Amino acid sequence: MKKFIRWQGLTAFVIVAAVFGGFWFFLADGIVKRLIEKYGTNAIGAKVELGALDLTLFPAGLDLEQLQVTNPDSTMINAFEVNHVSFTLEPLNFLRRKVIINEMTLDGIRFGTQRQTSGAIKGKKKLKKAKKVREKDKIPTAVKSPCGIMSLPSFKIPDVKKILHTEQLQSMGIINSLQKDIQEKKTKWEASLKNLPDEKQFEDYRDRINKLKSGKKKGISSILGSASELSTLKKNIMRDINKIKNAHSNLKDEVASLKSRIGEAKEAQLHDVMRLKQKYTLSPRGLKHLSKSIFGSRLCEIVQKAGIWYEKLKPVIEKSYKKEKDHEGIKPPRSKGVNVRFKEYKPLPDFLIRKAKARVNLNAGEITGLIQDITPDQGILGLPLKFRFKGDKLKGLESIDLHGILNHVLKAQSKDTATLTVKGYEIKNITLSGADAFPLALNHALADLEIDATLKDEKIKSNLISEFHSVSFHAWPSEKASTIKTALMSSLSSISRFTVNAKVSGTLSNYNIDLTSDLDRAFMKSANRAVEKQALTLEKNLKMAVTAKMDDPFRKADSGIGGLDLVGKEISKRLNLGNGLLGNLKGTTSKGGLKLPF
Amino acid sequence: MLRLIAKLLKVLNSESDPGQITLAFCLAMILGITPFYSLHNILVLFLVLILRVSLSAFILGWAFFSGLAYLLDPLFHGIGLYLLNSNALNGLWTSLYNITLFRMEKFYNSIVIGSLFFSIILFLPVYFLFNMGIRRYRDHVLTWVEKTHVMKVLKTSKLYRVYQGISTLGGTS
């Protein structure tokens with residue numbers, strides 16, 4: 001036996017094992033503490049710090065004291081702080097690399113506590129990492145937009161000069177095109193006038209007639225010759241007169257058409273005034289959605305924050321698996337290999353907290369909560385995550401109850417629901433609208449509200465019913481306040497209770513908020529007359545400004561038509577000359593002068 | 001490098017039983033080839049300490065096989081993946097997967113099972129081959145080498161001085 005066994009070796013083995021045990025006993029606490037801080041800091045992007053840590057073997061568990069998680073967006077503030085965290089692990093499962101915690105206690109959770117030192121992480125690499133994490137948390141542009149559109153309308157009468165500077169007038173378009181047409185027609189008619197028989201032509205005809213009149217005709221052939229010449233002359237005069245007549249008639253039609261277009265332009269001018277009035281005046285319809293502008297942005301902020309927190313918590317309830325079956329062709333990192341999973345007889349997730357009891361310390365008092373079955377592998381456990389937080393008789397809050405189920409057992413049919421019921425929440429000095437148009441604060445109110453939210457197939461559906469009583473608003477008066485604003489402010493002073501209901505629908509990144517409140521009715525009632533009066537003033541101002549702007553183009557158009565009228569007069573004059581000549585010719589043939597011998 | 005060769009020669013030329021040397025080599029093969037932080041390596045270290053094997057041979061073998069393991073890594077991964085994905089063995093793996101001790105062994109990792117399989121398969125052949133090799137070396141080569149002219153020259157070399165230095169420093173391990 002002695003030939004094969006080296007008893008000193010056994011001693012050495014025991015010594016080595018004892019060294020490892022001692023190492024564990026004395027140093028493991030510090031190592032695990034540093035590991036938690038290191039991995040936590042990397043994951044959050046800002047310092048995660050632990051006051052103390054105690055690792056116990058019997059029973060296997062951890063006790064953490066003073067856990068601080070810095071808010072990566074504001075490094076002098078903790079996102080949350082927990083006084084004491086303790087839990088025990090199932091040792092056999094832990095040896096199987098499964099963290100199964102039967103019960104976890106989180107005592108003294110506080111949010112937004114002040115830090116004594118900055119929680120920013122030093123070093124370029126770490127900063128980059130932190131930036132990456134924060135970038136991830138940034139609100140997508142699509143999410144920002146619903147809040148952006150809820151701006152308050154302006155209650156002031158808009159400046160008409162600015163309006164006319166930016167707006168296109170339809171009447172201006174019509175008159176400009178008319179002016180161009182008048183100019184073209186004027187040029188055309190001036191050219192046509194040259195082609196029409198003129199005074200000289202008619203003088204020529206007169207000379208020929210006189211010549212025929214004064215000539216002594218002897219013999220039949222001479223008489224017949226004169227008659228034929230007379231007939232030709234008459235035909236020519238008639239042809240010229242017809243030509244002038246046609247031109248006269250055409251010109252008359254065209255002038256009439258141009259004049260009617262001037263009428264259209266004047267009508268368009270009126271339309272422009274009405275259109276701009278509608279666009280720039282605050283309509284009673286605009287007042288109907290005033291509450292959406294006042295409360296919408298605040299509600300939007302809440303929905304955004306809820307969305308961000310949901311995305312942050314999602315990895316806790318749903319793990320994204322890589323395709324594990326197909327290991328062929330995978331080139332793993334050197335000496336790492338790939339892990340192949342096999343069926344477990346009693347399947348358990350890799351990470352599970354069966355029950356977590358939490359005590360949240362708010363300024364108002366303590367809220368206790370219970371979260372059950374926290375695991376990213378709900379499909380393996382077959383149970384959804386359930387939570388309930390309750391608080392009663394708190395300072396400035398009668399009761400609060402938040403409960404819900406995050407069901408990701410079947411990933412394709414995941415459904416998350418949450419209900420929040422708040423009773424007797426005392427609101428003090430909350431700014432509802434910081435906009436210059438209508439700065440408004442809620443001095444005091446007692447609120448009861450109920451929110452139901454469901455997220456299914458990536459689509460959110462949420463209902464908010466809230467009732468505010470013992471209400472006192474505060475709106476900042478100003479000397480230059482418009483009549484509408486004054487009317488709204490006076491209506492607010494008489495409101496002692498109101499309701500706000502909202503429906504949120506869409507996806508987490510692109511949702512729509514439909515908000516209604518009985519405040520709108522009160523606003524409309526009080527501000528309707530002021531809105532109408534303001535609209536009339538704006539209409540008057542617009543009329544004056546548009547008329548002044550259109551005056552010159554209209555004058556130019558009128559003068560252009562005046563130019564065509566002159567052409568018409570010239571044509572009339574020529575027509576008279578022709579007609580006179582024709583009359584003269586008739587006298588020659590019927591009454592005296594040239595008489596036929598038969 | 002010279003020290004390493006000298007150490008090897010010293011181990012081979014020592015009075016130790018060839019079985020002690022080859023067993024140390026074979027155990028070093030398991031430790032060197034498989035990932036160090038594996039459960040079975042505690043057993044290997046225990047055996048190395050408790051059995052009368054040559055510790056020098058074990059350390060030398062560990063260094064050698066660790067280097068070899070790095071080169072053969074892709075081969076171990078391939079073997080491991082083949083074994084773990086084999087339908088015939090699926091029942092065995094599933095049973096082992098449900099036993100805590102084997103789960104701690106992390107046998108379901110392709111490199112762990114591939115390298116362990118490789119080293120266990122080679123354990124006996126390597127043991128007998130090395131054993132035979134050492135015996136033959138001592139019986140024939142060593143006697144013949146010492147008589148050769150080259151060895152006589154070599155005895156005057158730096159390598160021999162190093163070898164002698166080591167021989168004087170430590171006895172058999």
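The listed residues are A:257, A:222, A:231, A:249, and the only one of them that is under 20 Å from residue A:576 (Cβ atoms), part of a helix (DSSP H, G or I) and assigned by TED's automatic domain parsing to the domain that holds residue A:560 turns out to be A:249. Going by the structure shown, is residue B:54 buried (at least 20 other Cβ atoms within 10 Å of the Cβ) and among the hydroxyl-bearing types (Ser, Thr, Tyr)? So residue B:54 passes the test.
Among the conditions (1) buried (at least 19 other Cβ atoms within 10 Å of the Cβ); (2) facing chain A (nearest Cβ under 10 Å), the only one that residue B:28 does not satisfy is (2). Got a sec? Which of A:87, A:80, A:94 is among the hydrophobic types (A, V, I, L, M, F, W, C) and not in a strand (DSSP E or B)? From the options A:87, A:80, A:94, the qualifying one is A:94. Scanning the stretch B:59-105 for residues that are in contact with a Lys or Arg (Cβ under 6 Å, 6 or more places away or on another chain) and within 28 Å of residue A:99 (Cβ to Cβ) gives B:94, B:100, B:103. If you go through the stretch A:224-255 and keep only what is touching a residue at least 12 places away in the same chain (Cβ under 8 Å) and aliphatic (A, V, I, L, M), you end up with A:227, A:230, A:233, A:237, A:238, A:241, A:244, A:247, A:251, A:255.
Among the residues of the stretch A:15-37, those that are farther than 27 Å from residue A:49 by Cα and either away from chain B (no Cβ under 14 Å) or surrounded by 12 or more Cβ atoms within 10 Å (Cβ to Cβ) (or both) comprise A:16, A:17. A single entry from A:41, A:75, A:105, A:88 fulfils the requirement of being more than 14 Å from every other protein chain (Cβ to nearest Cβ), more than 30 Å from residue A:378 (Cβ to Cβ) and in contact (Cβ under 8 Å) with a residue 12 or more places away in the chain: A:75.
Please verify whether the stretch A:16-31 includes one or more residues that are charged (D, E, K, R) and assigned to a helix (DSSP H, G or I). Within the stretch A:16-31, one or more residues are charged (D, E, K, R) and assigned to a helix (DSSP H, G or I). For the stretch B:52-108, the set of residues classified as facing another protein chain (nearest Cβ under 10 Å), in contact with a Leu (Cβ under 7 Å, 6 or more places away or on another chain) and hydrophobic (A, V, I, L, M, F, W, C) consists of B:53, B:83, B:93, B:102, B:104, B:107, listed by residue number.
Of the residues screened, residue A:432 is not one that is surrounded by 15 or more Cβ atoms within 10 Å (Cβ to Cβ), in contact with a helix residue (DSSP H, G or I) (Cβ under 9 Å, 6 or more places away or on another chain) and not in a strand (DSSP E or B).
Within the stretch B:62-85, can one find any residue that is in contact with a strand residue (DSSP E or B) (Cβ under 8 Å, 6 or more places away or on another chain) and buried (at least 16 other Cβ atoms within 10 Å of the Cβ)? Yes; the residues of the stretch B:62-85 include at least one that is in contact with a strand residue (DSSP E or B) (Cβ under 8 Å, 6 or more places away or on another chain) and buried (at least 16 other Cβ atoms within 10 Å of the Cβ).
Filtering the stretch A:390-417 to residues that are crowded, with 17+ Cβ neighbours inside 10 Å and closer than 15 Å to residue A:450 by Cβ leaves A:397, A:400, A:402, A:404.
Of everything in the stretch A:285-323 that's modelled with pLDDT under 80 and outside any helix (DSSP H, G or I), which residue is nearest to residue A:452 (Cα to Cα)? Among them, the one singled out is A:289. Of the residues that make up the stretch B:118-129, is at least one within 14 Å of another protein chain (Cβ to nearest Cβ) and part of a helix (DSSP H, G or I)? Looking for residues that are within 14 Å of another protein chain (Cβ to nearest Cβ) and part of a helix (DSSP H, G or I), one finds at least one in the stretch B:118-129, hence yes. For the stretch A:444-472, what are the residues that are more than 27 Å from residue A:414 (Cβ to Cβ) and not β-branched (Val, Ile, Thr)? Across the stretch A:444-472, the qualifying residues are A:444, A:445, A:446, A:447, A:448, A:466, A:467, A:468, A:469, A:470, A:472.
Tallying residues that are outside any strand (DSSP E or B) and surrounded by fewer than 18 Cβ atoms within 10 Å (Cβ to Cβ) within the stretch A:509-521 yields 4.
The values are calculated or read from the model by the stated rules, or taken from the named source; none is laboratory data. A quick note: this is a predicted structure, and the numbers were derived from the prediction, not measured. Note that each Cβ is placed from the backbone with ideal geometry, even for glycine, and that neighbours are counted across all protein chains shown.
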